[in-house]
Amino acid sequence: MKLLAIETSCDECSAALMEDEDLKSIVISSQLVHSEYGGVVPELASRAHMELIVPVIEKALGKSGFVKEGIDGVAVTYGPGLAGSLIVGLSFAKAFASSLGIPVVGVNHMEGHLYSAFLEKEKPDFPFIALIVSGGHTMLVHVKEPFSHELLGQTRDDAAGEAFDKVAKLLGLGYPGGPVIDKMAREGNPDAFRFPRAFMNGDSFEFSFSGIKTSVLYLLRELKYTSPDKDEKLVRDICASFQRAVIDVLVEKTVRAAEKFSARSIAVAGGVAANRELRNSLQERACLVNAKAYFPRSLYCTDNAAMIGIAAYFKYRKFGMVSDLTLKPVPNLPFVPEIYQPSAESL
Ligand code: KG4
Ligand code: ZN
């Protein structure tokens, strides 16, 4: 089965061509316009998607060597995400599918992240625990078999990546905060300051990161901190201590979930999966409970259309090809196993 997959839920405009579970081509166009605003501006994102969608899809098609007429279906993200951005991808997908008389399949963006590890040669085994950590989400999921999964817990306030971004902003380190904190932390002392680790006791799989951010804010006030240029060692120590607190919580809960559900595989996705300390620490801790952590390459960790394609493939294997031309954007789409509406036409 040849699939065109489209992802436009936030600020990445991406298209991928898949043949069953094999990725044939991928194009990701990241919108740089947002960096000067310190975050994604929804109105600018949808306008940029309008300009990018046609060239991105044409480029991906060209790289794959497929012809339009040979495509069997279109997979597209319909939520969660920014309404205006989702509309651009969905409208294109529906028009493209209608013109060729092929099905259009809606994919939950989070399910894309969930299965992104399967884009690599070395794949997790079922059942596995998925840790999705990005700027918008932090969640732990128990995946029993393809498209049979249960949400174990998620953040009650800030997402892990959001905490990195907010702390970097407090420190005057720019946006996005994750990569720069990751780098600064390498030469800092992680024990210099003690930041809170929420919900560490008991067997809750919920997260909370806003307390860590507030602690950093109070510390900076106490230190009369003004800018990162004055005391580089201090900044490195704060970065290392903050990062250690976040990673401790992520690793501890993920490994606990793997033990509880006897999962031998852990799949990590989302932008924070690029974090070096998370990678090292989770790999080490997983080993101790006879589990293995799978980190897809960063291209597949952050938003991309290949993950939408692989999720659509798993969905197709489980439910058959279910097309829905009435598909609408659902900005707050919850993370629940798919339940098809009777109006959907099975093809
Ligand atoms: O998945 P992603 O590209 O976009 C969404 O949020 O959907 O994730 C971006 C987030 C940002 O918050 C960024 O600061 C964080 O991932 N991030 C990192 C690292 N690289 C990116 N966080 C920690 N360490 C990193 N190396
Ligand atoms: Zn995402």
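The values are calculated or read from the model by the stated rules, or taken from the named source; none is laboratory data. Remember, it's a predicted structure, so these values are computed and weren't measured experimentally. We place every Cβ from the backbone using ideal geometry, glycine too, and count neighbours over all the protein chains shown. Surface areas here come from the heavy atoms of the whole protein model, side chains and all, with no ligands, DNA or RNA. Shrake-Rupley method; radii C 1.70, N 1.55, O 1.52, S 1.80 Å.
May I ask you to give the average projected area over all directions of the convex hull of the Cα atoms of the chain, in nm² rounded to one decimal?
Numbers: hull surface 68.3 nm².
Projected area, direction-averaged: 17.1 nm².
Quick one: ranking Arg236, Arg285, Arg47 by accessible area, 1.4 Å probe, largest first, what do you get?
Numbers: Arg236 45, Arg285 80, Arg47 145 Å².
Descending order: Arg47, Arg285, Arg236.
What do you reckon, how do Leu23, Leu119, Leu114 stack up by accessible area (1.4 Å probe), largest on top? Numbers along the way, then the final one.
On the way: Leu23 50, Leu119 25, Leu114 0 Å².
Largest to smallest exposure gives the sequence Leu23, Leu119, Leu114.
Using a cut-off of 12 Å between beta-carbons, work out the net charge of the residues near Lys224 (Lys and Arg +1, Asp and Glu -1, Lys224 not included).
Values: positive: Arg221, Lys230; negative: Glu222, Asp231.
Local net charge: 0.
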Taking every DSSP beta bridge that has both residues in the stretch 125-295, what percent is antiparallel when rounded to the nearest 5? 55 percent
Averaged per residue, the 1.4 Å probe accessible area of the stretch 125-295, protein heavy atoms only, in Å², is roughly 44 Å²
I want to verify a result. In a Gaussian network model of the chain, Cα cutoff 10 Å, which of these has the top mean-square fluctuation: His149, His34, His113? His34
Centroid-to-centroid separation of the stretch 261-315 and the stretch 170-199 [C-alpha atoms, Å]: 22 Å
Starting from the Cα gyration tensor of the stretch 84-183, multiply each eigenvalue by 5, take the square root, and state the resulting semi-axes largest first in whole Å. 30, 22, 13
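Contact order normalised by length for the stretch 144-237, with contacts defined as Cα pairs under 8 Å and 6 or more residues apart; what percent is it?
Values: 94 pairs, mean separation 35.8, N = 94.
It rounds to 38 percent for the stretch 144-237.
Counting residues in the stretch 174-257 as N, plug N into 2.2 N^0.38 Å and put the Cα Rg over that result. Can you show the working numbers first?
Numbers: Rg = 13.5 Å, N = 84, 2.2 N^0.38 = 11.8 Å.
Against the compact-globule rule of thumb, the ratio is 1.14.
What part of the accessible area of the stretch 125-295, given as a whole %, is carbon or sulfur when the probe is 1.4 angstrom? Each step should come with its number before you reach the end.
Working: 3610 of 7600 Å².
Taking all protein chains in place, the stretch 125-295 shows 47 percent carbon and sulfur surface.
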If contacts are Cα pairs under 8 angstrom and at least 6 residues apart, what is the relative contact order of the chain in percent? 24 percent
Alpha-carbon centroid distance for the pair the stretch 7-81 / the stretch 108-145, whole angstrom: 20 Å
Could you work out [θ]222 nm for the chain from helices alone, using -39500 (n - 2.57) per DSSP H run of at least four and dividing by all its residues? Round to the nearest 500 deg cm²/dmol. -13500 deg cm²/dmol
Cα lying deepest toward the dipole's positive end in the chain, options Val167, Tyr316, Leu151, charges on Cβ: Val167
Magnitude of the Cβ-charge dipole (Lys and Arg +1, Asp and Glu -1) of the chain about the Cα centre, nearest 20 debye, reported as 460 debye
The chain, Gaussian network, Cα under 10 Å: of Pro176, Pro331, Pro228, the residue fluctuating most is Pro228
Taking springs between alpha-carbon atoms closer than 10 angstrom, which of Asn275, Asn332, Asn201 fluctuates most in the Gaussian network model of the chain? Asn201
Could you give the angle, 0 to 90 degrees to the nearest 10, between helix 232-260's Cα long axis and the longest principal axis of the Cα atoms of the chain? 60 degrees
Work out how far the C-alpha atoms of the stretch 192-347 reach from end to end along every principal axis, then list the three figures in whole Å, largest first. 64, 38, 31
In terms of the Cα gyration tensor, with a ≥ b ≥ c the square roots of its eigenvalues, is the stretch 1-160 rounded because a/c is under 1.5, prolate because a/b exceeds b/c, or oblate? oblate
per DSSP, antiparallel bridges as share of beta bridges in the chain, % nearest 5, sits at 60 percent
